[in-house]
Structures are given as structure tokens and as C-alpha cells.
1. Contour minus end-to-end for residue 124 and residue 151, with contour as 0.36 nm per residue of separation and end-to-end as the Cα-Cα distance?
2. Each residue of region 94-110 in turn: what ³J(HN,Hα) in whole Hz from Karplus with 6.51, -1.76, 1.60 and θ = phi - 60°, glycine and Pro shown as x?
3. What ³J(HN,Hα) values, in whole Hz, does the Karplus curve 6.51 cos²θ - 1.76 cosθ + 1.60 give for region 111-118 when θ = phi - 60°, with x put for Gly and Pro?
4. Would you tally the net charge around residue 38, using a Cβ to Cβ cut-off of less than 15 Å, leaving residue 38 out, and scoring K and R as +1, D and E as -1?
5. If the cut-off is 22 Å between C-alpha atoms, which lysines fall inside it for residue 169, apart from same-chain ones fewer than 8 positions away?
6. Given the alpha-carbon gyration tensor of the chain, what are the semi-axes of its equivalent ellipsoid in whole angstrom, ordered largest first, with each equal to the square root of 5 times an eigenvalue?
7. Determine the calculated [θ] at 222 nm for the chain from helices alone, applying -39500 (n - 2.57) to every DSSP H run no shorter than 4 residues and normalising by the residue count; nearest 500 deg cm²/dmol.
8. Need the full-extension length gain, residue 29 to residue 106, defined as separation in residues times 0.36 nm minus the C-alpha distance. One decimal, nm.
Amino acid sequence: MRLYYRFIPVVLMLIVSACRTADPMPTVASVDLNRFMGDWYVIANIPTFIETDAYNPLETYRLNSDGTIETTFAFNKGGLSGERKEYNPKGFVVENTGNAVWGMQFIWPIKADYRIVYLDDDYEKTIIGRNARDYVWVMARTPHISDADYEKLIAVVESLGYDLEKIRKSPHRLDN
């Protein structure tokens, strides 16, 4: 019976640590939605199940008159010349977040956490993260960025607590 009591603190500690949530993912202070709209090439990411075999991935945003964001995620499946696939989730900007936190809805009524955690002053490069730190997207207005810019963005991803071993560079055609 005494051995049983020795394990209670260990079990309680494991339960408490399993229930502990990660620190909230910081976001940029504010986003000018009109400037953010348009095409964003996925440069690197921790891919979701639909992105594991994605080539030439491109995310496009359009601001609707009701404040929602029409989103198109398109890519070639399996190779640079593979079949073009397209998904159309809808973005919902969360109030009082400086437009930096969205709910991204692929299936009603579920809205996935979507946070703009980095955005350069020129609106040319961005990083989208999630509180769970399970997925991340490094994106740019062009399909290719310099190695120096890539390393800078990946350093930001690392500082946010992501596992860099899960990051995958997104292949793009050289003629894009």
C-alpha cells in the first residue's frame, strides 16, 4: 500500500503537465487587411494532411464586403506538373485582434486557429502560426526568396517554439 502512495505525486505531476497549455502564440500588432489581400506563395511549412504532396502552393485572399475573407488554396498534387487542386476555406477576422487572428473555416462550423505572427513592413513576407504550434506557413509574394530571408524567417519560426525538423520547403517551378 505504501508503494501506491509514492506514485500518487508522480501521477498527479504527469496529469498537470499534460493539461498545461502552451503559451499563447504572439501575433503582429495590426494588419491592414487591404494590403494583406492577394497572392501569397507558401515558401515552407509544417504541412497539413492535404499539403503533404503539394507543389507550387499558393494562398490567395480576397476581402468580402461583409468582412469575411474569401480564400483559395491551390497547388499541384504529386509534382510540379501534377493535377491542380483547390480548396476554398473562408476566413473570419476575430474582433479586437488588430486583424491578426482569424478563424479559418474549411468545414462548418469549425474554425481553425490562424494567426499572423510575422509580417514585414512591405507586406512581402509573412508567417502564419497556430497556438497549438502544430502547423506553420512561411509565405511570400514571390515563389522564391533569398537564402538570407529564408533563414531569418525560419529563425522567427524557431523562436515561436516550433520543431524545425518538421519544416518542409515548398517546391515551386523556377519559371514562376
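Read the figures in this text as sums done on the coordinates, not as results from a lab. Given the structure is predicted, the values throughout are model-derived calculations rather than measurements. Glycine gets a Cβ as well: all are built from the backbone with ideal geometry, and neighbour counts include every protein chain shown.
1. 8.2 nm
2. 7, 4, 6, 10, x, 6, 9, 10, 10, x, 10, 9, 8, 9, 5, x, 7
3. Result, ordered by residue: 10, 6, 5, 9, 10, 7, 9, 8 Hz.
4. Working: positive: 35, 62, 125, 141; negative: 32, 39, 59, 70, 120, 122, 124.
For residues surrounding residue 38, the net value is -3.
5. Hits, sequence-local ones excluded: 77, 85, 125, 152.
6. 33, 20, 17
7. -6000 deg cm²/dmol
8. Taking 0.36 nm per residue and subtracting the Cα distance, the gain is 25.1 nm.
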